[in-house]
1. If the viscosity is 0.692 mPa s and the temperature 37 °C, what translational diffusion coefficient in µm²/s does Stokes-Einstein give for region 191-345 when Rh comes from Kirkwood over Cα pairs?
2. Kirkwood Rh, Cα Rg: Rg to Rh for the chain?
3. Under 14 Å from the Cβ of residue 284, count the other residues' Cβ atoms, weight Lys and Arg +1, Asp and Glu -1, and hand me the total.
4. What is the sum of charges around residue 173, taking Lys and Arg as +1, Asp and Glu as -1, for the other residues whose C-beta is under 15 Å from the C-beta of residue 173?
5. Lysine pairs in the chain 8 or more apart or on different chains: how many have alpha carbons under 30 angstrom apart?
6. In Å, what Kirkwood hydrodynamic radius results for region 131-170 from the alpha-carbon pair distances?
7. Could you work out Rg/(2.2 N^0.38 Å) for region 10-142, with Rg from alpha carbons only?
8. Run the numbers for residue 391 and residue 45: contour at 0.36 nm per residue of separation, minus the present Cα-Cα distance, in nm.
Amino acid sequence: MSPLNALHTRLKGANRQLLLFLAGMALMGMAGGIFETTFNNFLADTFHIGADARGFLEFPRELPGFLTALFVGMLFFLPETMIAAVAAFALGIGMIGLARWGGNWHAMLGLMILWSIGTHLIMPVRSSISMDLAHGGQKGRRLGQVGSVGIAATIAGCALVVLMMRLLPRHYALTFAVGGAAAVIGGFFFMAMQMPNAHLERPKYIWRRQYWLYYVLSLLFGARKQIFITFGPWVLIKIFHQSVSTFAILGILNSLLTVFTSPALGNLIDRWGERRMLMLDGLLLCLLCLGYGGAHLLGAWGLYLAFTCFVLDQVMFGFGNARVTYLAKIAREPEHVTASLSLGVSLDHAVSMTLPALGGWVWMRYGHAYVFYGAAALALLNMAFASLIRRPERPASALRPPDAPTGEAAGPAPMPEAAADLARAHGKE
């Protein structure tokens with residue numbers, strides 16, 4: 001049997017709901033790849049804004065992430081597949097609107113928020129539907145399949161940006177229209193799914209004094225994440241004058257590297273432990289910050305250093321899984337994991353909304369290097385708090401059946417599937 005015939009046979013026998021979902025997620029991934037590699041250059045070329053305005057934009061852009069639980073609660077009457085469709089339509093209409101009215105600052109703000117609502121709303125739904133479509137003990141395998149489709153689609157979206165920008169340089173309306181159309185079509189695939197009993201578990205919050213270190217690490221992660229997401233690309237655009245095609249190529253490289261580095265970092269977390277990995281994360285981030293801050297002093301070589309910092313920063317988001325496994329180890333009850341993760345995500349977004357405005361002010365007042373010197377100080381602070389991680393006083397075996405392994409071999413407390421969902425969905429936004 002030829003490979004094409006074998007593929008046709010597999011598709012013919014596949015679950016129709018799964019195929020519809022994978023098609024929708026592929027189109028969403030393509031739209032995401034197009035938007036993320038284009039938006040920063042669009043802002044710079046269309047509005048000629050400075051770093052202060054760019055930092056301010058992160059407040060409305062990240063606000064939907066902070067309010068994700070509210071949005072999910074408002075849609076309680078819808079099955080997961082319809083929430084996914086709402087997310088796809090919001091994202092797609094936002095991008096199509098940018099293609100038509102993006103030249104107006106106030107319209108751009110509203111459409112960016114609409115895009116952000118769709119982006120953040122799809123995150124918890126994606127993992128939940130993936131596991132609803134899994135059989136028996138294949139939930140992890142199904143999540144991996146959906147993730148692989150997303151990576152491939154992101155690469156396709158980035159490649160499409162390279163092609164469109166080389167044919168029609170700086171034609172942002174076309175790229176946004178193509179990405180928006182892909183997302184809207186993806187929404188129709190989600191609408192075609194028939195899973196009326198699949199309802200998303202509503203996020204809950206829990207505050208426990210015993211988990212204070214996890215909350216602090218979440219706040220520091222939010223600061224680290226948004227400084228790099230906001231000002232890393234801005235350095236390449238404003239200091240090194242890089243085009244959209246460059247970001248698309250870097251996006252392809254990041255996606256390919258993540259396929260290999262994410263499992264490797266996960267294995268290192270298991271082998272070395274959360275304390276060492278998060279301390280290493282802080283040290284490496286400090287070096288990346290110094291690289292970003294000083295790259296302009298190195299002439300032509302500085303551009304390659306900035307590229308390296310950009311790629312390594314994306315790869316290093318995999319270190320963040322150590323925070324999740326640490327929480328699972330110290331959790332007094334399994335259900336505390338999901339609720340504490342939800343609170344951690346909100347704390348992360350609270351910092352993500354506010355810190356970039358301060359970073360933009362520092363850039364305009366003192367220069368871009370001082371933004372990253374400040375970020376280097378935060379990285380060292382993260383390293384210091386990570387050094388406080390200790391083995392839980394109460395062993396996780398207290399949460400296990402009597403015949404389960406105890407002591408060091410027991411590992412962390414069982415992580416509910418919803419917690420694993422949340423960790424995957426919000427590891428990087």
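1. Values: Rh = 17.8 Å.
So the translational diffusion coefficient is about 184 µm²/s.
2. 0.96
3. 0
4. +1
5. 13
6. On the way: mean 1/r = 0.0835 Å⁻¹.
It is 12.0 Å.
7. Normalised by 2.2 N^0.38 Å, the Cα Rg of region 10-142 equals 1.21.
8. Working: separation 346, 0.36 × 346 = 124.56 nm, distance 5.07 nm.
Contour length minus Cα-Cα distance gives 119.5 nm.
Rule-based calculations on the coordinates, nothing more; no lab input. This one's a predicted model, so the numbers in the text were calculated from it and none came from an experiment. Quick reminder, even Gly has a Cβ in these numbers, built from the backbone with ideal geometry, and neighbours come from all protein chains shown.
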